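The values are calculated or read from the model by the stated rules, or taken from the named source; none is laboratory data. Keep in mind that this is a model prediction, so the values were computed, not measured. Cβ atoms come from the backbone with ideal geometry, glycine included; neighbour counts cover every protein chain shown. Keep in mind that these areas ignore ligands, DNA and RNA; they rest on the heavy atoms of the full protein, side chains included. Shrake-Rupley method; radii C 1.70, N 1.55, O 1.52, S 1.80 Å.
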Amino acid sequence: MALLPEVQMHSMGEGEGSAPFGLAHTAEEDLTWYQKVVLFLYSTTLGNIIFSACLVTVAVLLSAACIGAIEKWSFGESIYFSIISYSTIGFGDIAPNSTGGRVFVSLFAFGLGLPSMGFLISSAGSLGDDQMQYAIRKGRSHRWIALAWLIFYLGSALLASLLLAIAEGFDIGTSVFVIWQCSTTIGYGTHPPVTPGGRAVCCTFGVVNIFVLGFLLTRVTKIIFHPHKRARKYLERNRTKPVRQALERFLVSHKVECETSELDQLVGEIMDS
């Protein structure tokens with residue numbers, strides 16, 4: 001246990017544990033409120049999600065104001081066009097006709113629209129990973145997390161299909177197909193919504209879907225394309241499991257907290273010694 005002083009530990013009060021979602025117990029007494037906010041938004045997954053959501057909101061509103069003024073669209077049409085465009089759904093029922101509108105959309109999409117959406121998708125995937133890692137550190141099953149996200153996704157898709165059918169007068173099959181286009185961002189352009197209610201449903205589900213699908217696709221990609229890494233981690237975890245468990249009991253008994261990366265380093269050094 002001589003290695004323990006070399007690792008930065010954090011004091012644990014009664015009832016405290018590892019903070020979820022990338023939040024760590026840090027000493028912030030010397031930071032101003034502005035620095036704390038910046039640190040939170042920049043260094044935590046939850047902060048990244050809040051920042052990316054705000055960025056997407058600003059991008060949509062700014063785009064709607066500009067494209068609406070150029071094309072003489074209503075605010076509702078401009079908002080609908082911006083969300084459908086930058087979420088890459090692209091039904092094609094509304095498109096800029098003027099040269100100025102086309103130039104603006106082309107430049108804005110690469111400058112802010114698409115990057116902000118990509119940031120939101122990446123943050124959503126990181127949130128799901130943080131939730132799973134937190135569950136693993138707590139010794140809980142992490143499979144229910146992916147299942148819960150999947151159930152939420154399917155439930156929201158079903159609800160969106162029913163609302164779209166009511167708003168647009170579609171049969172349930174057509175409504176499900178349109179929502180599927182929003183879900184996959186394929187956007188064939190068949191049966192695009194024309195009523196304000198139908199457009200609101202597609203826009204809302206499109207944004208929610210980006211958040212949820214970001215996590216689900218991350219998990220599916222890791223399962224399909226990284227089976228060798230999963231197998232290696234499984235073997236390594238079982239080889240070092242007794243050492244890790246003993247070290248975790250020691251840390252808990254002395255009421256100290258160790259970051260996951262620090263604990264991995266300790267276990268590696270013990271196994272190599």
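For the range 253-267, enumerate the residues that are surrounded by 13 or more Cβ atoms within 10 Å (Cβ to Cβ) and without any contact (Cβ under 8 Å) to a residue 24 or more places away in the chain. If you could, list the steps in order and put the result at the bottom.
Of all residues in the range 253-267, those surrounded by 13 or more Cβ atoms within 10 Å (Cβ to Cβ) come to 256-259, 262-267.
Across the range 253-267, the qualifying residues are Leu263, Asp264.
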Task: Counted residues, the range 96-115 - those being open to solvent by less than 70 Å² (accessible area, probe 1.4 Å) and in contact (Cβ under 8 Å) with a residue 12 or more places away in the chain - done: 11
- [ ] Go through (1) open to solvent by 60 Å² or more (accessible area, probe 1.4 Å); (2) within 29 Å of Phe177 (Cβ to Cβ) one by one and return the number of the condition Val56 breaks.
- [x] (1)
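For the range 69-91, state whether one or more residues are farther than 20 Å from Val207 by Cα, aromatic (Phe, Trp, Tyr) and at pLDDT 90 or above. Lay out the reasoning, then the answer.
Looking only at the range 69-91, we keep the residues that are farther than 20 Å from Val207 by Cα, and these are 69-74.
With the extra rule that they be aromatic (Phe, Trp, Tyr), the set shrinks to 73.
Remaining after also requiring at pLDDT 90 or above: 73.
Checked against the condition, which is being farther than 20 Å from Val207 by Cα, aromatic (Phe, Trp, Tyr) and at pLDDT 90 or above, the range 69-91 yields at least one hit.
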TODO: With the checklist (1) free of Cβ contacts under 8 Å to residues at least 12 places away in the same chain; (2) exposed (fewer than 14 other Cβ atoms within 10 Å of the Cβ) in hand, flag the one item Leu41 doesn't pass.
DONE: (2)
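Across the range 162-214, what is the number of residues that are outside any helix (DSSP H, G or I), open to solvent by 50 Å² or more (accessible area, probe 1.4 Å) and over 28 Å from Phe119 (Cα atoms)? So that I can check it myself, show each step before the final result.
Filtering the range 162-214 for residues outside any helix (DSSP H, G or I) gives 169-171, 185-195.
Narrowing the set further to residues that are open to solvent by 50 Å² or more (accessible area, probe 1.4 Å) leaves 169, 171, 186, 188, 190-191, 194.
Within this subset, residues satisfying the condition of being over 28 Å from Phe119 (Cα atoms) are 169, 171, 190-191, 194.
The number of residues fulfilling the criteria is 5.
Of the residues Ile50, Ile83, which is buried (at least 17 other Cβ atoms within 10 Å of the Cβ), under 19 Å from the mean Cα position of the chain (by Cα) and over 16 Å from Gly111 (Cβ atoms)? Working first, answer last.
Numbers: Ile50 fails: buried (at least 17 other Cβ atoms within 10 Å of the Cβ).
Among Ile50, Ile83, only Ile83 is buried (at least 17 other Cβ atoms within 10 Å of the Cβ), under 19 Å from the mean Cα position of the chain (by Cα) and over 16 Å from Gly111 (Cβ atoms).
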